[in-house]
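Undergrad: Structure incoming, see below.
The values are calculated or read from the model by the stated rules, or taken from the named source; none is laboratory data. Everything quoted here is computed from the prediction, not taken from an experiment. With ideal geometry, Cβ positions are generated from the backbone for all residues, glycine too; neighbour counts draw on all protein chains shown.
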Amino acid sequence: MTHRILLGNLPTPIQHMPRLSEAHGKNLHIKRDDYSGTEYSGNKIRKLEFVLADAIRQGCDAVVTCGGIQSNHCRATSAACARLGLACHTVLRGEAQAFEGNLFLDTMLGAKVHLIDQTEEYPGAMEKVADALRREGKKPYLIPVGASTPIGALGYLEAWNEIIAWEKANQTAFDAVCIAVGSGGSYAGLWQGNAQSGGEKLIAGFAVSNDSGHFQGQIQEILKGMGVETSRESITILDGYVGLGYAQATREEIARYMDIAQLEGIVLDPCYTGKAFLGMLEEMDHGILQDKENILFVHTGGIMGWTQQQRDMAAGLARQQERIS
């Protein structure tokens, strides 16, 4: 029996994007998983509903997880643990140069933050924290990056069911579903849902770190843990949209995110959704999505991860647009 704790504001709506649809000659929609909650905002809470249910089922009283300094997953885990009365420890890679965004919310929500440098691997650092907790008499539950496990991926099987229900209610069938890929669990759940529905849709993942080979292998392992054997070739991950690197953005990218916000009233983030969205637009015009008519983009959140540097770039662009005087 699959255990789940209802935490997010689900199901999330699907909205049409009329101006971008007209500009690109497609019928473009967006699933607003950024509406899944304020503290929970994004895709991670779907996975945490299943993962934290498993932790509680096993009698664990503490959670140890990991991510970058502005990890959306760690923030959502901090919020969910506070709600459920679990001690939360986040292992964050990077320097706390500014106490803002998700890092601020982690601590506000009661998580104990453990900072590691770029050379230290997450599994070893998490195990050190877990060992210390065990010595204190705690029973820790370890969650890898993004809660991308076979159990966590069940959250996006649920998202798939929401998509299918929306299609039936609106007499629309999407040809492709697009999503940012940073750890693979959300993609794996969508892939499995599509396979169970007959495999008629293209599930297009856009790598926001690492490369397609890395994620194909990671997703293949998650699916194997879900009881599904598949080839790497069946997993569509698109490279070429990482830009300067993970969580980095150019002035030109920021300008395009601002254009999209002003066209459709939708704010993307420079780490995950923005890069994937720009990749989708490019592939619609010149790539794998050219022959697809009805396309759905899954907005996986991230608005809290805008850094000061990125906000400063946006402010400079706003001045050029004479929106700040």
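Undergrad: If only one of E39, E95 is over 25 Å from P150 (Cβ atoms), outside any strand (DSSP E or B) and without any contact (Cβ under 8 Å) to a residue 40 or more places away in the chain, which one is it?
TA: E95
Undergrad: Testing E22 on (1) in a loop (DSSP other than H, G, I, E, B); (2) out of contact with any helix residue (DSSP H, G or I) (no Cβ under 7 Å at 6 or more places or on another chain), one condition comes back false. Which one is that?
TA: (1)
Undergrad: Using the structure shown, decide if E229 is surrounded by fewer than 23 Cβ atoms within 10 Å (Cβ to Cβ), of a type outside the set (G, A, S), within 16 Å of H29 (Cα to Cα) and not assigned by TED's automatic domain parsing to the domain that holds L105.
TA: no
Undergrad: Has the stretch 206-215 got at least one residue that is in the same structural domain as E158 (by TED's automatic domain parsing), in contact with a helix residue (DSSP H, G or I) (Cβ under 6 Å, 6 or more places away or on another chain) and more than 19 Å from G42 (Cβ to Cβ)?
TA: No.
Undergrad: Just one of (1) over 26 Å from H3 (Cβ atoms); (2) in contact (Cβ under 8 Å) with a residue 12 or more places away in the chain; (3) aliphatic (A, V, I, L, M) trips up A169, so point out which.
TA: (2)
Undergrad: Select from the stretch 166-187 the residues that are of a type in the set (F, W, Y) and part of a helix (DSSP H, G or I) and write down the one among them that is farthest from G279 (Cα to Cα).
TA: W166
Undergrad: Let me ask something additional. Considering only the stretch 255-271, state which residues are crowded, with 22+ Cβ neighbours inside 10 Å and not in a loop (DSSP other than H, G, I, E, B).
TA: Listed by number, the list holds a single entry, Y257.
Undergrad: OK, next. For the stretch 117-126, give me the residue count where each residue is under 12 Å from H89 (Cβ atoms) and surrounded by fewer than 19 Cβ atoms within 10 Å (Cβ to Cβ).
TA: 0
Undergrad: Also, I was wondering about something else. Provide a single number: the residues in the stretch 188-239 that are within 21 Å of H299 (Cβ to Cβ), not aromatic (F, W, Y) and not in a strand (DSSP E or B).
TA: 10
Undergrad: Hey, does the stretch 105-125 have a residue that's part of a helix (DSSP H, G or I), of a type in the set (A, V, I, L, M, F, W, C) and within 21 Å of the chain's Cα centre (by Cα)?
TA: yes
Undergrad: With the requirement that a residue be buried (at least 24 other Cβ atoms within 10 Å of the Cβ), among the β-branched types (V, I, T) and not in a strand (DSSP E or B), what does the stretch 45-68 give you?
TA: Listed by number, the residues that qualify are I45, V51.
Undergrad: For the stretch 70-96: of the residues being closer than 18 Å to T119 by Cα and surrounded by fewer than 24 Cβ atoms within 10 Å (Cβ to Cβ), which is nearest to the chain's Cα centre (by Cα)?
TA: It comes out as R93.
Undergrad: Let me ask something additional. Within the stretch 130-143, is there a residue that is buried (at least 24 other Cβ atoms within 10 Å of the Cβ), outside the structural domain of W191 (by TED's automatic domain parsing), outside any helix (DSSP H, G or I) and out of contact with any Cys (no Cβ under 6 Å at 6 or more places or on another chain)?
TA: Scanning the stretch 130-143, I find at least one residue that is buried (at least 24 other Cβ atoms within 10 Å of the Cβ), outside the structural domain of W191 (by TED's automatic domain parsing), outside any helix (DSSP H, G or I) and out of contact with any Cys (no Cβ under 6 Å at 6 or more places or on another chain), so the answer is yes.
Undergrad: I'd like to check something: does the stretch 296-309 contain any residue that is part of a helix (DSSP H, G or I), within 13 Å of H24 (Cα to Cα) and without any contact (Cβ under 8 Å) to a residue 24 or more places away in the chain?
TA: No: zero hits.
Undergrad: Scan D269, D285, D259 and give me the residue that is under 22 Å from A176 (Cα atoms), over 13 Å from the mean Cα position of the chain (by Cα) and of a type in the set (D, E, K, R).
TA: Answer to the selection: D285.
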